[in-house]
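Undergrad: A single structure is presented below for examination.
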Amino acid sequence: MKKVYIKEDVCIGCGLCEVYCRLKHSRSKDLVKAYKKETPRPLSRLRVDESGIVSLSVRCQHCDDAPCIGACLTGALSRDPSTSLVIVDEERCIGCGTCTLACPLGIPKLDMAQKKMVKCDLCQDEEIPVCVANCPNEALLYAEVEEALT
Amino acid sequence: MVATRKIKYLIIGNSAGGIGAAEAIREVDKAGTITIVSDEPYPTYSRPLISEYLAHPYPVEKMAYRQPDFYEKNKIKTLLGEKVIQVNPDKRTVKLESGTTLAWQKLLLATGGTPIFPEMEGNQLKGVFTFNRLDDSRAIDGFLNQYRNRVRAVVIGGGLIGVSVTEALLRRGIEVTIVEMKDWILNTILDEEAAGFEVQALAQTGTNIITGHTAEKINSYLPGEVSGVTLDDGRVFPCQMAVIAIGVRPRLEVVAESGIKINRGIVVDRRMATSAPDIYACGDAAEAFDFVYGVNRLTPVWPNAYEGGRVAGLNMAGTQTEYQGGTAMNALKYFGVYIASAGLVTPPDDSYETLINRYNGIYKKVIIKKGKLAGMVFAGDIEKSGIVYNLMKDRVDVSKFKEALVADDFGLASLPESVWRDWLAGAPPEGVPVITSIEKPEELVIGD
């Protein structure tokens with residue numbers, strides 16, 4: 001499977017990955033509406049963590065051992081056998097936050113309005129995830145996980 | 001009657017631990033026979049959802065922990081509504097209440113927990129409930145449906161189960177009084193300040209919280225029915241129903257005379273193996289390794305049950321695996337207030353260091369011993385709590401960046417690269433074409 005790799009040495013923390021992620025998950029697909037008008041507010045599935053000059057664009061890694069799946073109280077999280085992605089069944093998610101506590105990246109996002117967890121699906125309907133495609137500095141890389149790593 | 005063919009993997013328990021084990025076994029052994037036996041007549045369901053079920057409207061189908069075709073797809077035979085009454089490690093059998101004896105090669109005890117039910121006058125009255133499984137929720141639902149007028153309830157015990165049932169009852173329009181023996185509700189999983197978030201939310205619902213007292217007896221005016229609860233100080237709270245939620249203990253009846261080593265729960269090693277050969281245990285019934293305390297303890301939470309079950313299953317199927325350990329961990333969202341906690345919530349002595357940050361109605365606290373995290377409480381905002389939890393789980397020395405853990409702007413970037421690099425995808429592979437072509441940089445014009 002493919003993953004998003006980060007090249008933090010050229011990431012300047014501009015946050016465009018977050019902007020485009022939020023846009024992607026908006027209903028209007030309009031930047032201004034996505035940020036100012038839509039309710040419930042569309043949420044970015046990724047997060048940019050910064051400290052000093054280091055900035056990291058963090059998203060779900062669809063980990064092999066995925067602690068979120070085991071921690072999920074309702075069975076809403078599972079691995080899609082066809083894509084190997086960790087997916088959430090929003091029907092069954094109650095937004096309890098146990099996955100957020102279990103995840104080493106603390107990345108499962110809770111949509112307070114919908115009372116659901118939302119997560120990255122690597123933009124399955126796009127050739128390249130929008131965060132990667134719109135990174136102005138090529139600090140994000142969408143690449144096949146190397147054989148040696150799997 | 002003794003089944004002639006031995007079941008390769010027999011699992012007692014159909015909840016998180018049992019399912020975790022069955023899934024792990026099937027990853028390794030596609031064909032070996034698996035049988036799950038449970039005294040509950042339902043396909044696996046999410047136990048934490050029994051409060052949603054009680055709160056209404058919540059269809060029972062939505063409580064399913066796995067897809068309807070789960071058992072069939074994984075070739076798992078189920079014996080649901082069948083109670084195991086005895087385990088015989090020497091003969092490698094279990095005896096069912098129905099009279100059947102099952103023979104096994106590998107056995108998993110994922111029997112879970114059972115509510116502690118105190119000797120108390122009135123505890124047999126109609127209108128007295130526990131709140132641990134779907135049938136409890138159904139019983140309370142059926143009871144409430146008989147009433148047209150406003151019902152009052154006393155919940156005895158202000159722990160997770162007590163607060164869960166309170167939230168559900170409130171959503172049904174029931175007036176609730178919680179009686180908690182200790183000084184604050186949720187005291188085993190929250191410190192007093194974080195519990196204050198819940199107390200405030202509960203106060204807004206009109207819920208009455210009594211702390212520092214116990215219930216002495218459940219009163220009855222009409223024969224067989226609850227009329228109120230009397231506390232240890234003589235106060236009486238009139239009610240039509242009482243829920244006993246003072247705690248849960250491991251369900252150990254089936255192993256009582258088996259000779260399997262028991263402390264507070266079934267003692268297991270890091271492979272989740274019990275003292276008897278080929279018998280494993282996990283979940284609320286087991287006493288497994290706690291990475292905060294460094295010893296075996298009961299940590300009856302869902303994620304640990306699943307993970308322990310998974311490790312047990314892998315070992316049962318012949319793949320040597322060690323349980324990294326678990327610790328008490330809970331994420332709460334009662335009344336829309338998000339709280340996450342793990343490990344210790346109050347330092348037991350002054351050899352621990354406590355760091356606290358409060359801002360914008362958010363409360364973050366970590367407890368550190370000898371450079372390593374021993375506990376955490378995040379209230380009001382639990383995003384990124386997982387980073388701290390995993391630092392604790394991986395026993396990372398946090399001395400050099402401990403202040404950052406509770407800071408407003410805490411994130412992965414606050415940690416040394418050696419920590420976050422492993423958690424992220426790793427270093428980007430070499431030679432992968434980037435999205436846009438790399439253009440020759442423009443020449444800088446200096447001067448004119």
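The values are calculated or read from the model by the stated rules, or taken from the named source; none is laboratory data. The model shown is predicted, which means the values in this text are computed figures rather than measured ones. Here the Cβ is made from the backbone with ideal geometry for all residues, glycine too, and neighbour counts use every protein chain on show. For the accessible areas, the whole protein counts, side chains as well, though only heavy atoms, and no ligand, DNA or RNA atoms are used. Shrake-Rupley method; radii C 1.70, N 1.55, O 1.52, S 1.80 Å.
Undergrad: Would you calculate, for chain A, the mean residue ellipticity at 222 nm contributed by helices, counting each DSSP H stretch of 4 or more residues as -39,500 (n - 2.57) and dividing by all residues, to the nearest 500?
TA: Here the helix-only value at 222 nm equals -4500 deg cm²/dmol.
Undergrad: Summed for both chains, how many Å² of accessible area, to the nearest 100, are buried between B and A with a 1.4 Å probe?
TA: Using a 1.4 Å probe, the pair buries roughly 4000 Å².
Undergrad: Using a probe radius of 1.4 Å on heavy atoms only, what accessible surface per residue do you get for segment B:248-323? Whole Å² is fine.
TA: 40
Undergrad: Right, here's the next one. For residue A:65 paired with residue B:147, estimate the spin-label separation in nm (one decimal), with each label point 7 Å from Cα along the Cα-to-Cβ line.
TA: Output for this residue pair reads 4.8 nm.
Undergrad: Heads up, I need the accessible area for residue B:83: 1.4 angstrom probe, whole protein in place, Å², nearest 10.
TA: So the heavy atoms of residue B:83 present about 80 Å² to solvent.
Undergrad: Work out from phi, with θ = phi - 60° and the Karplus expression 6.51 cos²θ - 1.76 cosθ + 1.60, the ³J(HN,Hα) of each residue of segment B:93-99, listed in order in whole Hz, and give x for Gly and Pro.
TA: 9, 10, 10, 9, 4, 6, x
Undergrad: Moving on to the next point. Could you point to the residue in B:65, B:368, A:145 farthest towards the positive end of the protein assembly as shown's charge dipole, with +1 and -1 charges on the Cβ of Lys/Arg and Asp/Glu respectively?
TA: Value: B:65.
Undergrad: Same structure, new question: List every residue whose amide H lies under 5 Å from the amide H of residue B:211, counting only residues 5 or more places away in sequence or on a different chain, with H placed 1.01 Å from N in the peptide plane.
TA: B:180
Undergrad: Taking amide H atoms as placed 1.01 Å from N in the peptide plane, list the residues 5 or more away in sequence, or in a different chain, whose amide H sits under 5 Å from that of residue A:142.
TA: Excluding prolines and chain starts, which carry no amide H, the hits are A:5.
Undergrad: Take B:143, B:289 and sort them by solvent-accessible surface of the protein heavy atoms, 1.4 Å probe, largest at the top.
TA: B:289, B:143
Undergrad: Further question: At 1.4 Å probe size, put B:420, B:302, B:184 in order of accessible surface, largest to smallest.
TA: Correct descending sequence by accessible area is B:184, B:302, B:420.
Undergrad: Please list, or write none, the aspartates and glutamates whose alpha carbon is within less than 20 Å of the alpha carbon of residue B:95, excluding same-chain residues fewer than 8 places away.
TA: B:39, B:40, B:82, B:253, B:257, B:278
Undergrad: Calculate, for residue B:101 and residue B:278, the FRET efficiency according to 1/(1 + (r/R0)^6) with r their C-beta to C-beta distance and R0 25 Å; round to the nearest 0.05.
TA: So the FRET efficiency works out to roughly 0.90.
Undergrad: If I ignore ligands, DNA and RNA and count only protein heavy atoms, how much of residue A:30 is accessible to a 1.4 Å probe, in Å² to the nearest 10?
TA: Around 60 Å² of this residue is reachable by solvent.
Undergrad: Okay, moving on. On a 1.4 Å probe surface of the protein chains, which of B:72, B:40 comes out largest in accessible area, and what is the full order?
TA: These residues rank, largest area first, as B:72, B:40.
Undergrad: Among the listed pairs B:182/B:400; A:24/B:73; A:109/B:393; B:217/B:365, which have their C-alpha atoms separated by more than 32 angstrom in this model?
TA: Violating the 32 Å limit, Cα to Cα: B:182/B:400; A:24/B:73; B:217/B:365.
Undergrad: With a ≥ b ≥ c the root eigenvalues of the C-alpha gyration tensor of segment B:228-381, is it rounded (a/c under 1.5), prolate (a/b larger than b/c) or oblate?
TA: Taking the square roots of the gyration eigenvalues as a ≥ b ≥ c, segment B:228-381 is oblate.
Undergrad: Moving on. Residues of segment A:23-64 losing 40 Å² or more of accessible surface, assembly versus chain alone, probe 1.4 Å, please list them.
TA: A:47, A:49, A:56, A:61
Undergrad: At a Förster distance of 30 Å, what's the computed FRET efficiency of residue B:117 paired with residue B:88, Cβ-Cβ distance as r, to 0.05?
TA: E between residue B:117 and residue B:88, to the nearest 0.05, is 0.60.
Undergrad: Between residue B:266 and residues 5 or more places away or on another chain, which pairs have amide H atoms under 5 Å apart, with H built 1.01 Å from N, and which residues are they?
TA: Amide H neighbours of residue B:266, under 5 Å, 5+ apart: B:286, B:287.
Undergrad: As an exercise, use a Förster radius of 60 Å and the Cβ-Cβ distance of residue B:320 and residue A:35 to find the FRET efficiency, rounded to the nearest 0.05.
TA: The computed FRET efficiency comes out at 0.70.
Undergrad: Put +1 on the Cβ of every Lys and Arg and -1 on every Asp and Glu Cβ in chain B; which of B:93, B:48, B:415 then has its Cα farthest towards the positive end of the dipole?
TA: B:93
Undergrad: Roll a 1.4 Å probe over the protein chains and send me the accessible area per residue for segment B:32-92 in Å².
TA: 50
Undergrad: Follow-up question, since we're still on this one. Taking N as the number of residues in segment B:6-77, what is its alpha-carbon radius of gyration divided by 2.2 N^0.38 Å?
TA: 1.19
Undergrad: Which of the pairs B:333/B:372; A:3/A:33; A:3/A:115; A:119/B:384; A:29/A:115 have their Cα atoms more than 19 Å apart in this structure?
TA: Among B:333/B:372; A:3/A:33; A:3/A:115; A:119/B:384; A:29/A:115, the Cα-Cα distance tops 19 Å for B:333/B:372; A:3/A:33; A:3/A:115; A:29/A:115.
Undergrad: Quick check of the Kirkwood formula: for segment B:131-246, what is the inverse mean of 1/r over all pairs of different Cα atoms, in Å?
TA: One decimal place: 14.4 Å for the Kirkwood radius.
Undergrad: Hey, what did segment B:72-187 get for relative contact order, percent, Cα under 8 Å, at least 6 apart?
TA: This gives 14 percent for segment B:72-187.
Undergrad: Hey, another quick one. Restricting attention to the protein assembly as shown, give the cysteines that have no other cysteine Cβ less than 4.7 angstrom from their Cβ.
TA: A:11, A:14, A:21, A:63, A:72, A:93, A:96, A:103, A:123, A:135, B:239, B:282 - these cysteines have no disulfide-compatible partner (Cβ-Cβ under 4.7 Å) in the protein assembly as shown.
Undergrad: How large, in percent, is the carbon and sulfur part of the accessible surface of segment B:1-54 at a probe radius of 1.4 Å?
TA: C and S atoms contribute 59 percent here.
Undergrad: Ok, one more. In sequence order, what are the phi-derived ³J(HN,Hα) couplings for segment B:128-133 according to the Karplus relation 6.51 cos²θ - 1.76 cosθ + 1.60 with θ = phi - 60°, rounded to whole Hz, with x for glycine and proline?
TA: For segment B:128-133, the Karplus-derived couplings read 10, 10, 10, 9, 9, 9 Hz, x marking Gly and Pro.
Undergrad: Still on this model: Taking N as the number of residues in chain A, what value does Rg over Cα atoms divided by 2.2 N^0.38 Å take?
TA: Taking N as the residue count of chain A, the ratio is 1.04.
Undergrad: A further question follows. With every protein chain in place, what's the accessible area of residue A:50 (1.4 Å probe, Å², nearest 10)?
TA: About 90 Å², ignoring ligands and nucleic acids.
Undergrad: Within 10 Å of each Cβ in A:74-83, how many Cβ atoms from other chains are there, averaged over the peptide?
TA: Counting other chains' Cβ atoms within 10 Å and averaging over A:74-83 gives 3.
Undergrad: Could you tell me which residue out of B:160, B:176, B:132 lies farthest along the dipole of segment B:120-182 toward its positive end? Charges go on the beta carbon: Lys and Arg +1, Asp and Glu -1, centred on the Cα centre.
TA: B:176
Undergrad: If you don't mind, another one. At 1.4 Å probe size, with the rest of the protein present, what percent of the exposed accessible area of segment A:19-72 is carbon and sulfur atoms?
TA: Here carbon and sulfur together make up 56 percent of the probe-accessible area.
Undergrad: Once Rh for segment A:87-150 is found with the Kirkwood sum over Cα pairs, what is the Stokes-Einstein diffusion coefficient at 25 °C and 0.890 mPa s, in µm²/s?
TA: Once the numbers are plugged in, D ends up at 175 µm²/s.
Undergrad: Turning to a different aspect of this structure: Mind checking the mean number of beta-carbon atoms from other chains within 10 Å of the Cβ atoms in A:86-97?
TA: Across A:86-97, the average partner-chain Cβ count within 10 Å equals 3.
Undergrad: Ignoring solvent entirely, what values of log10 I(q)/I(0) come out of the Debye formula for the protein assembly as shown at 0.07, 0.08, 0.09, 0.10 Å⁻¹ when each Cα is a single scatterer?
TA: -0.47, -0.61, -0.76, -0.94
Undergrad: Each label point is 7 Å from the Cα along the Cα-to-Cβ direction; what then is the distance between the points at residue B:80 and residue A:10, in nm?
TA: Output for this residue pair reads 5.5 nm.
Undergrad: Pull up the cross-link candidates among the aspartates and glutamates for residue A:36, meaning alpha carbon to alpha carbon under 18 Å and not fewer than 8 places away within one chain.
TA: Straight-distance partners of residue A:36: A:18, A:111.
Undergrad: Using the Kirkwood formula on the Cα atoms of segment B:323-369, what hydrodynamic radius do you get, in angstrom to one decimal?
TA: 12.5
Undergrad: Next question, about the same structure. Please list 3J(HN,Hα) in residue order for segment A:108-118, calculated via the Karplus relation 6.51 cos²θ - 1.76 cosθ + 1.60 where θ = phi - 60°; whole Hz, with x for glycine and proline.
TA: Karplus values, whole Hz, x for Gly and Pro: x, 9, 9, 8, 4, 5, 8, 6, 9, 8, 10.
Undergrad: Take every Cα-Cα pair in chain B and report what % of them are more than 35 Å apart.
TA: More than 35 Å apart: 40 percent of the Cα pairs in chain B.
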